[in-house]
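Notes to accompany the following structure.
Quick note: the coordinates plus some simple rules give every number you see, no bench work behind them. Everything quoted here is computed from the prediction, not taken from an experiment. Counting neighbours? That spans all protein chains shown, and the Cβs are built from the backbone with ideal geometry, glycine included.
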Amino acid sequence: MSARDERAVSILLESAGRYISREAGRDTLITPTRANFSKDRKNATIFVSVFPDAEEGHAISFLMRHKDIFRNELKKTTRFSRLPFIRFEIDQGEKSRQHLDDISQDV
């Protein structure tokens with residue numbers, strides 16, 4: 001990944017974190033963990049972890065309802081040359097890592 005791509009990912013994650021912490025309810029902890037841009041940089045996927053796990057469905061539906069509002073905020077607060085369309089997904093890699101941590105603590 002180029003330095004430009006790394007910077008764009010960093011800006012996207014930071015902006016997503018600020019937006020989520022401001023707009024999401026206090027009952028669920030939603031944390032952006034990583035982001036990917038498509039090759040043409042028209043689309044971006046932001047991966048999130050959710051605690052408690054039982055609230056994942058509600059969290060993703062909240063994020064998908066607010067993705068256009070978040071995109072408008074990106075337009076105002078960042079200087080992306082091409083503003084990507086945003087998609088949110090649960091970070092399965094992070095869930096697997098947490099599961100392995102739980103298993104290793106039991107051993």
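Observations on the structure shown:
- Single residue of the range 1-45 satisfying the filter (hydroxyl-bearing (Ser, Thr, Tyr) and in contact (Cβ under 8 Å) with a residue 24 or more places away in the chain) that is nearest to Gln98 (Cα to Cα): Thr33
- Residue within the range 92-107 that is surrounded by 15 or more Cβ atoms within 10 Å (Cβ to Cβ) and either β-branched (Val, Ile, Thr) or out of contact with any strand residue (DSSP E or B) (no Cβ under 9 Å at 6 or more places or on another chain) (or both) present: no
- Checking Ile20 against (1) within 20 Å of Phe85 (Cβ to Cβ); (2) of a type in the set (A, V, I, L, M, F, W, C); (3) more than 15 Å from the chain's Cα centre (by Cα), the condition it does not meet: (3)
- Matching option when the condition is closer than 19 Å to Met1 by Cβ and of a type in the set (D, E, K, R), among Asp27, Asp40, Asp106, Asp102: Asp40
- Filtering the range 35-57 to residues that are surrounded by 14 or more Cβ atoms within 10 Å (Cβ to Cβ) and not small (Gly, Ala, Ser) leaves Asn36, Phe37, Arg41, Thr45, Ile46, Phe47, Val48, Val50, Glu55, Glu56.
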